[in-house]
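Each reported figure results from applying straightforward, stated rules to the coordinates on display, with no laboratory input. Predicted model only: the values in this text are computed from it and were never measured. Positions of Cβ are backbone-derived with ideal geometry, glycine not excepted, and every protein chain shown enters the neighbour counts.
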Amino acid sequence: MRSSRVMVGLLVLSLVVGMIGLAGIAKPGKPLPLGPRPLPPEMSNSVTDMVSWTVQGFIELTIDDSAFDFGLIDAGVDSVTVEEANTLAVVSNTEWTLSYTITGTGSDHLGVLLSDEAGEGNAEINVGYSLNDLRSMDPGSYTATVTYTVAAK
């Protein structure tokens, strides 16, 4: 019996010492932290993540007005030029070249003047038209179609 009293006494004593030890560690008003403790300020940790993507090239071509008319040309005039007859807009994220084809009646007499035939990125291109050798043409109305094409370099 005596040994069990000693055991109970030791148990109570260790419990009291443990409680006093916890009371000394704990700060008033703050509970003891549970889980992992935060790292001291002089320590740090980091990771990296490689992020990648691919952007495809694109090109768009628009024209301000899809028709231009020189109107009635005076008799005896051999050539007429309008330097800013229209405007093309290129919207692109790549290098490009601009070309054109002319078809229709009188296409041999129509010339196209472009402010730029190549570039990179967005651009506005002034379009001019010239009529040449008009004195050699038969009287009448003529229509030509100019098709513009922009292509990536």
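A few notes on this one:
- Label zone at VAL91 (point 7 Å along Cα-to-Cβ), backbone N below 11 Å, the range 121-153: none
- Shape analysis of the range 59-152 places it in the prolate category; the axes a ≥ b ≥ c from the Cα gyration tensor give an a/c of at least 1.5, with a/b above b/c.
- Residues VAL146, VAL82, VAL127, sorted so that the one with the fewest Cβ neighbours within 10 Å comes first: VAL82, VAL146, VAL127
- Only Cα pairs under 8 Å and 6+ residues apart enter the sum, and on that basis the relative contact order of the range 59-152 stands at 39 percent.
- Exposure proxy ranking for ILE73, ILE59, based on other Cβ atoms within 10 angstrom of each Cβ and starting from the fewest, stands as ILE73, ILE59.
- Note: relative contact order over the range 98-153, using C-alpha pairs below 8 Å and six or more positions apart, is 54 percent.
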